[in-house]
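Visitor: Right, I'll just put the structure down here and ask away after.
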Amino acid sequence: QVQFVESGGGSVQFGGSLRLSCAASGVAFSDFAMGWYRQAPGNQRELVATIDKRGRTNYADSVKGRFTISRDNGKNIVYLQMNSLTPEDTAVYFCHAASLNRNYWGQGTQVTVSS
């Protein structure tokens, strides 16, 4: 059974930090490019960061310099370290996995930043 399970969300104050994790099972994790997306109420889902199979990263302009995506292929986990959080970062965060012919979404984890 293929699963991508996010964890690490929660409530923090302005300027705080969180680290999200997405654990994969049932797939050859190293074959997938991984990404984090987020969706705030009333908004479309948007790209936050991606990391390809070689470890090359890409970030949305709104999170550059504050967020870091990384992966541990030995543990089948992708991380999103989020620093200097602001209320505008409040959203449900989803991990996404993509290969040539498959893609998967996690169930999402809520991040709430208070001012």
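Visitor: Of the conditions (1) surrounded by 14 or more Cβ atoms within 10 Å (Cβ to Cβ); (2) assigned to a loop (DSSP other than H, G, I, E, B), Gln1 clears all except one; give me its number.
Guide: (1)
Visitor: For residues in region 54-78 being under 19 Å from Ser21 (Cβ atoms) and of a type in the set (D, E, K, R), which is farthest from the chain's Cα centre (by Cα)? Working first, answer last.
Guide: Just the residues of region 54-78 that are under 19 Å from Ser21 (Cβ atoms), to begin with: 55, 57, 59, 63, 66-78.
Narrowing the set further to residues that are of a type in the set (D, E, K, R) leaves 66, 71-72, 75.
Values: Arg66: 13, Arg71: 11, Asp72: 14, Lys75: 16 Å.
For region 54-78, the residue satisfying everything is Lys75.
Visitor: When you look at Ile51, is it aliphatic (A, V, I, L, M) and more than 12 Å from Tyr37 (Cβ to Cβ), yes or no? Let's see the steps before the verdict.
Guide: On the way: aliphatic (A, V, I, L, M): yes; more than 12 Å from Tyr37 (Cβ to Cβ): yes.
It is true that Ile51 is aliphatic (A, V, I, L, M) and more than 12 Å from Tyr37 (Cβ to Cβ).
Values quoted throughout were computed directly from the atomic coordinates according to the rules given, and no laboratory measurement underlies them. Just so you know, these numbers come straight off a predicted model, no measurement behind them. All Cβ positions, glycine included, derive from the backbone under ideal geometry; neighbour counts span all protein chains shown.
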